[in-house]
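**Student:** Sending over a structure as C-alpha cells; questions will come in a sec.
The values are calculated or read from the model by the stated rules, or taken from the named source; none is laboratory data. Model, not experiment: these values are computed from the prediction. Heads up, the Cβs are rebuilt from the backbone with ideal geometry, glycines too, and the neighbour counts pull from every protein chain shown. Surface accessibility is based on the protein's heavy atoms, side chains included, excluding ligands, DNA and RNA. Shrake-Rupley method; radii C 1.70, N 1.55, O 1.52, S 1.80 Å.
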Amino acid sequence: MSVNQRQAVRIDISKLAFAKDGGQAHGGLLKDISLVGAYIEFHYPLGRVEHGFEKGDVIELLLDDESLLN
C-alpha cells in the first residue's frame, strides 16, 4: 500500500513497546504509529517466535515510558 492510500498520517518513532491481547504479550520495537494502527518489529533473544496477532486486531499497546515523541 502506498503512503497516499493510508487512512491516517503515520508518525515515525523508535520505542520499546509491548503488544498485549488478553494473556498474550509480545515485546518489540514500535516503528510507527497512527490513529488507526501501529507497526511493531517483534524481537526475541532466543530466535523467532510466532505471535497470534493479525492485521486489524485490537490490542493494548504498552510503551517503555509515558512520552511518545521524545
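**Student:** Can you find a residue in the stretch 15-26 that is among the aromatic types (Phe, Trp, Tyr), modelled with pLDDT of 85 or more and in contact with a strand residue (DSSP E or B) (Cβ under 9 Å, 6 or more places away or on another chain)?
**Tutor:** yes
**Student:** Pull out all pairs, ordered by first then second residue, where Cβ-Cβ is under 6 Å, the residues are six or more apart or on different chains, the first lies in the stretch 7-21 and is more than 15 Å from Glu60 (Cα to Cα) and without any contact (Cβ under 8 Å) to a residue 24 or more places away in the chain, and the second is in a strand (DSSP E or B) and open to solvent by less than 80 Å² (accessible area, probe 1.4 Å).
**Tutor:** Pairs found: Asp12/Asp32.
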